[in-house]
Every structure is written in structure tokens, then in C-alpha cells.
Amino acid sequence: FPILKTESEFYAEKEAVASSVIPYYRLDSKAESVSEEVLAGIDFDSLAFVRASVSSALGTIYSKGLVSDLSNISTLSDNSIIYVQKSLRAEKVPCTEIFTTETAGQKIRESILSEYPAVNADSLYEVFSLNAVLVPNLIYDKQTTELVHEQNTDYVSPTKGVVRAGSVIVSQGEIITAEIEQLLN
């Protein structure tokens with residue numbers, strides 16, 4: 001016969017599963033090419049050397065992933081993760097590796113500054129409106145996130161084990177613990 005969880009154990013486990021929602025994001029493979037087209041359309045005049053630096057930074061940004069924001073993660077901490085769907089597979093990715101538009105803008109400025117220290121990277125970023133090249137390639141998938149969340153809470157098992165026929169539940173003279181009492185009930 002199955003060993004049933006107590007009502008408090010069952011609801012505590014269900015609540016724990018319900019509180020740990022891991023968001024799903026879809027990878028938009030076209031975002032990087034759109035970003036490169038926008039970059040190609042910017043006229044850098046005599047500062048054309050900056051284009052290569054920005055392009056290099058964009059390659060790094062898109063290889064990690066770029067989201068508009070991570071606000072749909074209710075409790076964002078350093079060890080938070082998201083699922084990124086690439087074709088039919090979803091893989092876990094730490095939030096610390098994902099770029100937001102703000103951190104991606106900072107990465108572009110750092111890239112320009114590291115290659116050309118004499119240039120004011122902040123001014124270039126603003127003058128050429130380089131934030132326009134930041135097209136998010138990770139799109140929040142609300143439907144999948146909610147579906148997986150519902151499935152996880154629905155599949156919390158009301159049992160926590162099985163007692164096989166012929167096995168000893170309690171021996172004579174043994175102290176009855178909470179677990180043994182639950183088996184007897």
C-alpha cells in the first residue's frame with residue numbers, strides 16, 4: 001500500500017513547487033541580423049573604425065543572449081536561472097550570463113573604450129544612438145512558462161513511498177515515531 005503524505009506535507013510541497021517559477025524564453029535567431037543591419041545603416045563618418053568594435057561586442061552579447069529586461073523574474077537573485085528554447089530544446093542559463101539592454105550598452109561602451117582609449121565611448125554611444133542596434137534575441141514566452149508551472153504543481157504526488165507485503169512496520173517494544181504512526185494510520 002502507498003504511504004500517504006500528511007496534508008501539511010502535501011500542501012507544503014505543492015507551495016514550494018508553486019513558488020519556484022522558472023521563466024522560459026524563446027531564442028529569436030533573426031535579431032542578430034536585424035541588429036547588424038541597423039549597425040550597417042549608421043554613418044560613422046570619420047569614425048568608421050568604431051563599427052568593428054561595436055560589431056565585436058554585439059557578437060559577444062548575442063552569443064550569451066539579450067533580453068529587454070528580466071522583470072518577469074519575481075525574485076531575481078545571483079543564482080536565478082531561466083530556460084532558453086533553441087528549436088525544440090530548452091536549456092538552463094544563469095541570469096548572470098544574460099545581457100539586458102542596459103548591460104549590453106555598457107558592454108559596447110567598454111569594447112569601444114578598450115580598443116580606442118582616446119575616444120569618449122559614452123558620447124559616441126549617445127551621438128550615434130547605438131542603443132538602436134540592441135535588438136533583444138530572447139523573448140519571454142509567457143504561455144510556456146505558465147503551462148510548465150501548472151504541470152509542475154499538478155504533478156505533486158500525494159504519496160511518499162510504498163510498504164511492501166510482508167514488511168515489518170513496527171516491532172514489539174519499539175517506540176512509535178511520527179513516521180511509524182503515519183504508516184499505521
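Rule-based calculations on the coordinates, nothing more; no lab input. Not measured: the values here are computed from a predicted model. Virtual Cβ from ideal backbone geometry, glycine too; neighbours counted across all protein chains shown.
Quick notes on this one:
- For the range 109-118, the set of residues classified as surrounded by 15 or more Cβ atoms within 10 Å (Cβ to Cβ) and of a type outside the set (Asp, Glu) consists of ARG109, SER111, ILE112, LEU113, TYR116, listed by residue number.
- Taking the listed residues ALA90, ALA165, the one that is in contact (Cβ under 8 Å) with a residue 40 or more places away in the chain and of a type outside the set (D, E, K, R) is ALA90, with no other qualifying.
- Within the range 31-55, being exposed (fewer than 13 other Cβ atoms within 10 Å of the Cβ) and not in a helix (DSSP H, G or I) holds for ASP43, ALA48.
- Residue within the range 9-30 that is within 23 Å of TYR125 (Cβ to Cβ) and in a helix (DSSP H, G or I) present: no
- Scanning the range 123-171 for residues that are of a type in the set (Phe, Trp, Tyr) and surrounded by 13 or more Cβ atoms within 10 Å (Cβ to Cβ) turns up TYR125, PHE128, TYR140.
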